[in-house]
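Engineer: Please see the structure below; I have some questions.
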Amino acid sequence: MIDMKHQIAARLHGQFDEMGFAAPGVETLREGADVSLRTLYKYFPSREAMVVGALEHRDQAYDDWIGAGPDHGADHVLHILVRLADWLSGISNSGCLFRNALSAYPDSTPVRAAVEAHKSGLRTKFRARLTHVAPDCDAGAIAHQLFILHEGLTEAARLIGPDEARTQTLHSARLILAAADIT
């Protein structure tokens, strides 16, 4: 069974994803978490801690979402982008929750740390997938390029739609991989 802290974090995540970070007050967050104010503050003693808890929940949920996939070739590397496009088409297309949180809390060290940990983790996942399929490639540089495409896909999906953003991002990513002889 999921423990209370994780349940609350999941509900906070849903509220911040739906309403943003500025709109919901603590009472709205408490209602959405379906707990008493005492319980909410027991696990998340400040609004900033609530934001970080929601981001940590999202990080784990996204990590689970992009896991596995094809085991070899370019498709193994591109799986992260494919799954992001699936997320943007079916789950949420409201921009990057992490960047939204950082915009709302630009001076918060804990929020910045959660955002940086998530983004660093994505680059690490790209690098690991690249090393798996092409051990001799310049995995660090290519991982950064794919990470930039990942971030751009999130924003482009809001502007041109998730399907067109997927098509263009995957085309660009395949060109990057082909230049490194990863097919």
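The values are calculated or read from the model by the stated rules, or taken from the named source; none is laboratory data. The structure presented is a predicted model; accordingly, all values stated were derived computationally and were not measured. Reconstructed Cβ throughout: ideal geometry from the backbone, glycine too, with neighbour counts over all protein chains shown. We work out accessible area using only protein heavy atoms, side chains counted, and drop any ligands, DNA or RNA first. Shrake-Rupley method; radii C 1.70, N 1.55, O 1.52, S 1.80 Å.
Engineer: Name the pairs: first residue in segment 80-108 and within 22 Å of residue 129 (Cβ to Cβ), second residue open to solvent by 40 Å² or more (accessible area, probe 1.4 Å), Cβ to Cβ under 6 Å, at least 6 apart or on different chains?
Structural biologist: Sorted first by the residue in segment 80-108, then by its partner, the pairs are 83/65; 85/166.
Engineer: Next up: Any residue in segment 142-168 that's at pLDDT 95 or above: show its pairings with residues that are open to solvent by 90 Å² or more (accessible area, probe 1.4 Å) at Cβ separation under 6 Å, as long as the two are six or more apart or on different chains.
Structural biologist: Filtered contacts from segment 142-168: no entries.
Engineer: If you don't mind, another one. In segment 103-125, what residues are open to solvent by less than 40 Å² (accessible area, probe 1.4 Å) and assigned to a helix (DSSP H, G or I)?
Structural biologist: Here is the first cut: in segment 103-125, the ones open to solvent by less than 40 Å² (accessible area, probe 1.4 Å) are 108, 111, 114-115, 118-119, 121-122.
Matches in segment 103-125: 111, 114, 115, 118, 119, 121, 122.
Engineer: Tell me the residue from 143, 157, 178, 139 that is more than 20 Å from the chain's Cα centre (by Cα) and under 20 Å from residue 118 (Cβ atoms), please.
Structural biologist: Values: 143 fails: more than 20 Å from the chain's Cα centre (by Cα); 157 fails: more than 20 Å from the chain's Cα centre (by Cα); 178 fails: under 20 Å from residue 118 (Cβ atoms).
After ruling out the rest, the residue left standing is 139.
Engineer: Here's a follow-up. Kindly establish whether residue 147 is in contact with a Lys or Arg (Cβ under 6 Å, 6 or more places away or on another chain), open to solvent by less than 50 Å² (accessible area, probe 1.4 Å) and within 30 Å of residue 48 (Cβ to Cβ).
Structural biologist: yes
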